[in-house]
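K.L.:
Please see the structure below; I have some questions.
The values are calculated or read from the model by the stated rules, or taken from the named source; none is laboratory data. Just so it is clear, the model here is predicted, and its values are computed rather than measured. Surface accessibility is based on the protein's heavy atoms, side chains included, excluding ligands, DNA and RNA. Shrake-Rupley method; radii C 1.70, N 1.55, O 1.52, S 1.80 Å.
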Amino acid sequence: MKTWRIVLAGLLIVVLSSCGPSLYKSNQFDSSVKSVKQVAIIPFNVSIDGKRLPKGVTLETVKEFQKKSGYDFQNAAYSWLLRRQQEYSVNFQDIDKTNSIVKKANLTYDDLMLMDKGEICKLLGVDAIISGKAAISRPMSDGAAITVGLIAGYWGSTNKTILTLDIHNVESDLLWKFDWEVNGSVGSSAEQVTRSLMKKASKKFPYKNG
């Protein structure tokens, strides 16, 4: 339990510095505005560099944390968008319904990460899905330094996280993509990280009214 708390406190981040975000919008996006009315948000695909793990932290622990974080990111993104529902021309499917449909289909978190996005749309009965990725690198090359970093909740300047938001339609077309690379951070929660990501992406986020 103690090890889990240390990992939970140390692996998620809030930005201290970042590279400029990258935005992609497909040629099909404008025509999709009329057809996309219902959008689901699936758990994020979280990956953490598992090399040279500190003593007491196993790959199984990291995998469990990745899965939990994926659902935490999903919940935070849904909550952020739901609070601003009136700003958008689309409706966001309740994530409890989303996750229930996935569970009834006997699909695991890992299965979902590998599925075709169009097939997920069909399974969920929506016109498009929002997916996300959080790729977190190890903070230092030395294993002992990682242990210190996890306990103290501090990540060195070599730590890098790439955050991504994608929107795919039922034909599996990538309609919109937002990438943001961040470096240097302090211990935080999925909600705070997602809030930072969504605030950064909000000015370019699609399907706004007007």
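K.L.:
Within the P(r) computed for the range 56-126, what percentage of the Cα pairs occupies the region above 21 Å?
P.N.:
Values: 885 of 2485 pairs.
Considering the range 56-126, 36 percent of its Cα-Cα pairs are separated by more than 21 Å.
K.L.:
Here is a follow-up. Using θ = phi - 60° and the Karplus form 6.51 cos²θ - 1.76 cosθ + 1.60, what ³J(HN,Hα) does each residue of the range 172-179 get, whole Hz, x for Gly and Pro?
P.N.:
6, 6, 7, 8, 7, 8, 10, 10
K.L.:
Please say if the range 93-132 is rounded, prolate or oblate, where rounded means a/c under 1.5 for a ≥ b ≥ c the square roots of the C-alpha gyration tensor eigenvalues, and otherwise the choice is prolate for a/b larger than b/c and oblate otherwise? Write out the running numbers ahead of the final one.
P.N.:
Numbers: a/c = 1.44, a/b = 1.05, b/c = 1.37.
Cα axes put the range 93-132 in the rounded bin.
K.L.:
Could I ask something else about it? Go through Tyr24, Tyr71, Tyr88 and list them by solvent-accessible area, largest first, probe radius 1.4 Å. Before the final figure, lay out each step's value.
P.N.:
Working: Tyr24 100, Tyr71 75, Tyr88 15 Å².
Sorted by accessible area, descending: Tyr24, Tyr71, Tyr88.
K.L.:
Determine which aspartates and glutamates satisfy two conditions relative to Lys117: a Cα distance under 13 Å, and not lying fewer than 8 residues away in the same chain.
P.N.:
Asp127, Asp166, Glu171, Asp173
K.L.:
Can you list the residues, at least 5 places off or on another chain, whose amide H is less than 5 Å from the amide H of Tyr88, using H built in the peptide plane?
P.N.:
For Tyr88, whose amide H was placed from the backbone, the distant partners under 5 Å are Asn209.
K.L.:
Could you order Asp72, Asp110 so the one with the most accessible surface comes first? Probe is 1.4 Å. Mind showing how you got there, number by number?
P.N.:
Details: Asp72 50, Asp110 105 Å².
Descending order: Asp110, Asp72.
K.L.:
Right, next: Is there a pair in Lys103/Lys199; Lys68/Lys204; Lys63/Lys122; Lys25/Lys200 whose C-alpha atoms are over 24 Å apart, and which pairs would that be? Show your work: numbers first, answer last.
P.N.:
Values: Lys103/Lys199 31 Å; Lys68/Lys204 28 Å; Lys63/Lys122 28 Å; Lys25/Lys200 16 Å.
Result: Lys103/Lys199; Lys68/Lys204; Lys63/Lys122 exceed 24 Å.
K.L.:
Let me ask something additional. What order do Met113, Met198 take when sorted by accessible area (1.4 Å probe), most exposed first? Mind showing how you got there, number by number?
P.N.:
Details: Met113 40, Met198 5 Å².
Reading off the accessible areas and sorting them downward yields Met113, Met198.
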